[in-house]
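For reference, the structure discussed in these notes is given below.
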Amino acid sequence: MTKSDLIDVVAKKAHLTKKGANDAVEGFLDEVIRTLKKGDKVVLSGFGTFYLGKVKDKQVVPFGKEENRQTIKGHRVVNFRVGKPLKKNVW
């Protein structure tokens, strides 16, 4: 499913115009991004939880060549933990 497909479904189920559904989906996504940027988690009951994780600095040696050792800087990543109802219906 693409974002466009989601907007079509929201418009149909909520009896909205495509513009209204687009605004609703964009607003939802903007709020999720804003919340994650602050470092908070987004909990959608029955669906799952989006939260930030941290990846530590890593040393990698490509193709086993010690002289080409590189460091990958630590960074933040978005993780998703599946809720029980979603897991029950999908698995």
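Any idea how many residues of segment 38-91 are more than 21 Å from the chain's Cα centre (by Cα) and of a type in the set (A, V, I, L, M)?
3
Within the bounds of segment 15-25, is there any residue that is assigned to a loop (DSSP other than H, G, I, E, B), exposed (fewer than 13 other Cβ atoms within 10 Å of the Cβ) and basic (Lys, Arg)?
Taking every residue of segment 15-25 in turn, none turns out to be assigned to a loop (DSSP other than H, G, I, E, B), exposed (fewer than 13 other Cβ atoms within 10 Å of the Cβ) and basic (Lys, Arg).
Tell me which residues, restricted to segment 49-80, are in contact (Cβ under 8 Å) with a residue 24 or more places away in the chain and either over 18 Å from Ile33 (Cβ atoms) or of a type in the set (A, V, I, L, M, F, W, C) (or both).
Phe50, Leu52, Val77, Val78, Phe80
Within segment 51-65, is there a residue that is surrounded by 11 or more Cβ atoms within 10 Å (Cβ to Cβ), small (Gly, Ala, Ser) and either modelled with pLDDT of 95 or more or in contact with a Lys or Arg (Cβ under 9 Å, 6 or more places away or on another chain) (or both)?
No, segment 51-65 contains no residue that is surrounded by 11 or more Cβ atoms within 10 Å (Cβ to Cβ), small (Gly, Ala, Ser) and either modelled with pLDDT of 95 or more or in contact with a Lys or Arg (Cβ under 9 Å, 6 or more places away or on another chain) (or both).
Name the residues in segment 37-79 that are assigned to a strand (DSSP E or B) and acidic (Asp, Glu), would you?
Start the filter on segment 37-79 by keeping residues that are assigned to a strand (DSSP E or B), which leaves 42-44, 48-55, 58-60, 70-72, 75-79.
None - no residue of segment 37-79 is assigned to a strand (DSSP E or B) and acidic (Asp, Glu), so the list stays empty.
The values are calculated or read from the model by the stated rules, or taken from the named source; none is laboratory data. Bear in mind the structure is a predicted one, so any value in this text is a computation, not a measurement. Note that we place each Cβ from the backbone using ideal geometry, even for glycine, and neighbour counts take in every protein chain shown.
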